[in-house]
Amino acid sequence: MSAEIIALIDLALTVVEKFGPKIGELAASGAITPEKQQEIKQRIAAIDTGEAFNKPNWKPDA
Amino acid sequence: MKKRIQLFVFLSVLFASAVSFTGCATTLDPQGVYHGDKVTYVADEVTVSLFEVLDGFTEWELRNRAVLSDRPKVHAFAQKIRTEAPTWFASLSAVKKAYAANPTAANKQAFEQALAVIRAAVTEATIYLTNSSAAKGQP
């Protein structure tokens, strides 16, 4: 399997990982639950504090 | 690869549309931490979604850097995002809080401008991906 194909599979998995659960949530009917609200609040807090950027993919080249 | 990238773009657009739809059609459980404040919730969810697109892009670029070595613009743009996005999101957070506290037209405009910067980066990321694929002449 070529490196390019591996990259393609990786991209597809990234798409599924990032968007799949959210599209499913959006398809569900009813009010947005307190748990979901709490999750968004926590993720915003991680972005605001910079914690969300403290991962290898966010480190610029030296 | 182009088809996969088109899928990524398509899902990004689909998700952005779905978020907009959520903002119009659903309600918040008032027991939640947003206490029924749908405007703030939608603003936060859009922020998280935009972050996730850029997070996914930088993650993908890092994991596949060797394969993408013949597409230096992809790496350069990923580096730009890594360097500047934290500031973009900090600015967005600041103007969002200002608008929540004082919902004037000026604060709304500042919020929309900060959001536009990040949206432009998301769009540019997908353009770089598409162009780098097209340049190689892949189906």
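Things to note:
- Members of the range B:63-106 that are within 22 Å of A:Ile44 (Cα to Cα), of a type outside the set (S, T, N, Q) and not in a helix (DSSP H, G or I): B:Pro103
- Long-range neighbours under 6 Å by Cβ, at least six apart or interchain, first residue at the interface with chain B (Cβ under 7 Å from one of its Cβ atoms) and under 13 Å from B:Ile81 (Cα atoms) within the range A:46-62, second surrounded by 12 or more Cβ atoms within 10 Å (Cβ to Cβ) and basic (Lys, Arg): A:Trp58/B:Arg82; A:Pro60/B:Arg82
- Residue among B:Thr126, B:Thr83, B:Thr130 that is at pLDDT 90 or above and either touching a strand residue (DSSP E or B) at 6+ places or on another chain (Cβ under 9 Å) or of a type in the set (Ser, Thr, Tyr) (or both): B:Thr83
- Selected residue (only one of B:Trp60, B:Trp88 is modelled with pLDDT under 90 and either among the aromatic types (Phe, Trp, Tyr) or under 11 Å from A:Lys59 (Cα atoms) (or both)): B:Trp60
A quick yes/no check of all residues on (1) facing chain A (nearest Cβ under 9 Å); (2) farther than 21 Å from A:Glu51 by Cβ:
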residue	(1), (2)
B:Gln31	yes, yes
B:Thr40	no, no
B:Ala66	yes, yes
B:Arg71	no, yes
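The values are calculated or read from the model by the stated rules, or taken from the named source; none is laboratory data. Nothing here was measured: the structure is a model prediction, and the numbers come from that model. Note that each Cβ is placed from the backbone with ideal geometry, even for glycine, and that neighbours are counted across all protein chains shown.
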